[in-house]
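A.B. asks: Structure in structure tokens, see below.
The values are calculated or read from the model by the stated rules, or taken from the named source; none is laboratory data. Keep in mind it's a predicted model, so treat the numbers as computed, not measured. Note that we place each Cβ from the backbone using ideal geometry, even for glycine, and neighbour counts take in every protein chain shown. What goes into the accessible areas is simple: the full protein's heavy atoms, side chains included, and nothing from ligands, DNA or RNA. Shrake-Rupley method; radii C 1.70, N 1.55, O 1.52, S 1.80 Å.
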Amino acid sequence: MRNSGPPRGVILRCMTSESMGMSLDATDARLLLELVANPRATGVDLAARLRLSRNTVQARLSRWQTGEVLGSFERRIEPRALGYPLAAFVAVVVDQHRLDSVVDALAHVPEVTEVCGMTGLTDLTVRVVARDADDLYRIAGLILEIPGVERTTMALVMRQLVGPRATPLLERLANPT
């Protein structure tokens, strides 16, 4: 895939080799679960609640921010609140020689909220948001016009049944059985 990262704030990252390299332990999981429950908790609050030293809490928070454990605040903003109630996943087949330029072009489409490189029959899965059906049609056309895009198929998101989550994994790590 690409050597350089996507433009900041345009594409939400999928699994990367950098984020896969950092492993968390049960203490990390307990801290993260506490942050899920109390996102505005201070380091002092976290240390007191979990009976850890403030230095331990601060060191782990700092490590997470530089190690891609914590996502950007941008991930918490719902496109629906911005006037984009429709979402769709677009499966894209790409001329492999033009993959980098296709990804760069997708990063410049404001309605593209995520791009993931895939294995299988398609090369990319692109999550897009739209204001209405006409807007979705326009966005699909923009994607098809990108040089190197060979074909696309689209699936409209009818309802999100399970949202992005990590809590069950954190609970398993925090309380191994």
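A.B. asks: Towards the positive end of the charge dipole of the chain, with charges on Cβ (+1 Lys, Arg; -1 Asp, Glu), say which of Gly163, Ser62, Leu86 has the farthest Cα.
C.D. replies: Of the options given, the answer is Ser62.
A.B. asks: Once you have the alpha carbon radius of gyration of the chain, what is it after dividing by 2.2 N^0.38 Å, with N set to its residue count?
C.D. replies: Details: Rg = 19.2 Å, N = 177, 2.2 N^0.38 = 15.7 Å.
Dividing the Cα radius of gyration by 2.2 N^0.38 Å gives 1.22.
A.B. asks: If you don't mind, there's one more thing I want to ask. For the chain, what does -39500 (n - 2.57) per DSSP helix run (n ≥ 4), summed and divided by total residues, give at 222 nm, in deg cm²/dmol to the nearest 500? Don't jump to the answer; show the numbers that get you there.
C.D. replies: Working: 7 runs with 67 residues, N = 177.
That comes out to -11000 deg cm²/dmol.
A.B. asks: May I ask you to give the solvent-accessible area per residue for segment 29-135, in square angstrom, as obtained with a 1.4 angstrom probe?
C.D. replies: Numbers: 6400 Å² over 107 residues.
Heavy-atom accessible area per residue stands at 60 Å².
A.B. asks: Further, regarding this structure: Anyone know which of Val90, Val57, Val103 comes out most mobile in the 10 Å Cα GNM of the chain?
C.D. replies: Comparing Val90, Val57, Val103 in the GNM, the peak value goes to Val57.
A.B. asks: Rounded to the nearest 20 Debye, what is the dipole magnitude of the chain about its Cα centre when Lys and Arg each give +1 and Asp and Glu each give -1 at the C-beta?
C.D. replies: On the way: 21 positive and 20 negative charges, 167 e Å.
For this selection, approximately 800 debye.
A.B. asks: Residues with amide H under 5 Å of Val157's amide H, sequence separation 5 or more or different chain, H placed in the peptide plane at 1.01 Å from N; which?
C.D. replies: Ala87, Ala88, Phe89
A.B. asks: Here's another thing I want to ask about it. What are the ³J(HN,Hα) couplings of segment 72-83, residue after residue, when phi is run through the Karplus curve with 6.51, -1.76, 1.60 and θ = phi - 60°? Round to Hz, x for glycine and proline.
C.D. replies: 6, 4, 3, 5, 8, 7, 7, x, 4, 5, 9, x
A.B. asks: Quick one: which residues, 5+ away or cross-chain, put their amide H under 5 Å from the amide H of Glu114? H built at 1.01 Å from N.
C.D. replies: The list, which skips near neighbours in sequence, is Leu12, Arg127.
A.B. asks: Most mobile of Pro164, Pro147, Pro85 per a Gaussian network model of the chain (Cα springs, under 10 Å)?
C.D. replies: Pro164
A.B. asks: Please turn the phi angles of segment 148-164 into ³J(HN,Hα) values with the Karplus equation 6.51 cos²θ - 1.76 cosθ + 1.60 (θ = phi - 60°), one per residue in order, whole Hz, x for glycine and proline.
C.D. replies: Taking θ as phi minus 60°, the curve returns x, 7, 8, 6, 9, 9, 10, 10, 7, 7, 7, 6, 7, 8, 9, x, x Hz for segment 148-164.
A.B. asks: Using amide H atoms built in the peptide plane, which far-off residues or other-chain residues are under 5 Å from Asp123 H to H?
C.D. replies: Distant-sequence amide H within range of Asp123: Val92, Val93, Val94.
A.B. asks: Need the C-alpha centroid separation for segment 72-112 versus segment 120-177, integer Å.
C.D. replies: Result: 8 Å between the Cα centres.
A.B. asks: Using a 10 Å cut-off on Cβ atoms, rank the peptides 122-135, 25-38 from the highest mean neighbour count down. The partial results should precede the final answer.
C.D. replies: On the way: 122-135: 18.2, 25-38: 16.5.
Top to bottom by mean Cβ count within 10 Å: 122-135, 25-38.
A.B. asks: Provide the net charge surrounding Asp123, with neighbours chosen by a C-beta distance below 10 Å and charges set as Lys +1, Arg +1, Asp -1, Glu -1. Could you put the intermediate results ahead of the total?
C.D. replies: Details: positive: none; negative: Asp95, Glu150.
For residues surrounding Asp123, the net value is -2.
A.B. asks: Considering only protein heavy atoms and a 1.4 Å probe, what is the carbon-and-sulfur percentage of the accessible area of segment 63-151?
C.D. replies: Values: 2900 of 5280 Å².
It is 55 percent, rounded to a whole number.
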